[in-house]
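Down below is the structure, laid out as structure tokens.
The values are calculated or read from the model by the stated rules, or taken from the named source; none is laboratory data. What you see is a predicted model; the values in this text were computed from it and never measured. Counting neighbours? That spans all protein chains shown, and the Cβs are built from the backbone with ideal geometry, glycine included.
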Amino acid sequence: MTEDIRVALRSSALNGESPVWNAARQRLFWIDVRSASFHEFDPATGDDRFWGLPAWIGCYGLTTAGAVVALRTGLFHLTLDNGELAFLAPPPYDPRRFFFNDGRCDPRGRFFTGTMYMPLAPGDQNEEAPKGTPLWCYAQGARWKPMTPDVQISNGSAFSPDGNRLYHSDTKQKKIWVWDYDFDRGIASGRRVFADLSSLVGEGGPDGANVDRDGFYWCAIFGHGKLHRYDPTGRLEREVALPVRYPSMPAFGGPDRKTLFVTSAAWPVPAQERARSPEGNLLALEAPVPGLEEPRVGGL
């Protein structure tokens, strides 16, 4: 299938991630993990406003006034009008060794986020120490709750349109799982393999993901320059070739939610080559069906 793919924003982001359409503002939010910045992009004008943050940001969840941002140092609420950060919770891991990576809200407003192992200092790279943590759930006023077994690079979290399925992946293992999910009680069970990408050669694998109105799972294949669209049975329905090698996550946006925005990362490219590289740009293409409205974090 041939796609009309355009550059929506020449951002040259080191680690563009987590695009989310904010319908109330008619803007696309996205982040640059390694530049520690939270962005608001206006597709109508091309303007891209950003807020600098004090630590790497892995993901976030929408709120009425801004976003709950998962920084390496903990969970905070970012108020967009004044740029203020309010502390919510410490991280459920050792921040010298891990940082948050990928996240999403469930239909009841619980915030899910996983982690990635990346020690700050060589002395913290203990070969016997765990190199993964679970997918964590945070509900307003509650402690962190582990939801899955440990993974090394947590990614691909998404929910089916009816909320009864939770998707989650480990980029390192190159596997995507699906769980039965009781969103009334916030319980995941019955994990099974949804898609096995272990045949991919080299680094990279399934990265950020989203689900469309028909329940098809769209996943960025980092390091391989593709988007995959899987039907609810796990069958690969289509593969979309992208003009970047390091796509990180797709999101549905625009007034009709039929524009598929895709973030990408420039950090794997040698610094001297980044100015000439398309990596890090925000891409856009038309989706075959619309996406879903993103839930907001409960209580905020």
query: Which one of R238, R276, R229 is buried (at least 18 other Cβ atoms within 10 Å of the Cβ) and either in contact with a Lys or Arg (Cβ under 8 Å, 6 or more places away or on another chain) or not aromatic (F, W, Y) (or both)?
result: R229
message: Can you list residue pairs whose Cβ atoms sit under 8 Å apart, with the first residue in the stretch 12-27 being over 11 Å from G253 (Cα atoms) and the second being in a loop (DSSP other than H, G, I, E, B) and charged (D, E, K, R)? Count only pairs 6 or more apart in sequence or on different chains.
response: S12/E279; L14/R34; N15/R34
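I need the strands (runs of 3 or more DSSP E) fully contained in the stretch 204-300, keeping only those with at least 2 residues that are under 17 Å from V33 (Cβ atoms), in contact (Cβ under 8 Å) with a residue 40 or more places away in the chain and polar (S, T, N, Q).
Values: elements: 205-211, 217-222, 226-230, 236-241, 247-253, 259-264, 282-286.
Strands (runs of 3 or more DSSP E) meeting the threshold: 259-264.
Would you pick out the residues in the stretch 1-55 that are part of a loop (DSSP other than H, G, I, E, B) and small (G, A, S)?
As a first pass, look at the stretch 1-55 and keep what is part of a loop (DSSP other than H, G, I, E, B): 1-5, 10-15, 23-26, 33-36, 42-47, 53-55.
Matches in the stretch 1-55: S11, S12, A13, A23, A24, S35, A36, A44, G46, A55.
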query: Which of the residues belonging to the stretch 173-198 are surrounded by 14 or more Cβ atoms within 10 Å (Cβ to Cβ), of a type outside the set (F, W, Y) and in contact (Cβ under 8 Å) with a residue 40 or more places away in the chain?
result: I176, V178, G186, A188, R191, A195
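When residues of the stretch 53-78 are filtered for being among the polar types (S, T, N, Q), surrounded by fewer than 17 Cβ atoms within 10 Å (Cβ to Cβ) and either touching a strand residue (DSSP E or B) at 6+ places or on another chain (Cβ under 7 Å) or touching a residue at least 24 places away in the same chain (Cβ under 8 Å) (or both), how many remain?
Here is the first cut: in the stretch 53-78, the residues among the polar types (S, T, N, Q) are 63-64, 73.
Now drop any that are not surrounded by fewer than 17 Cβ atoms within 10 Å (Cβ to Cβ), which leaves 64, 73.
Still in the list and also either touching a strand residue (DSSP E or B) at 6+ places or on another chain (Cβ under 7 Å) or touching a residue at least 24 places away in the same chain (Cβ under 8 Å) (or both): 64.
Here the count works out to 1.
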- prompt: Hey, among the residues in the stretch 150-172 that are in contact with a Leu (Cβ under 9 Å, 6 or more places away or on another chain) and not hydroxyl-bearing (S, T, Y), which one's modelled with the lowest pLDDT?
  reply: V151
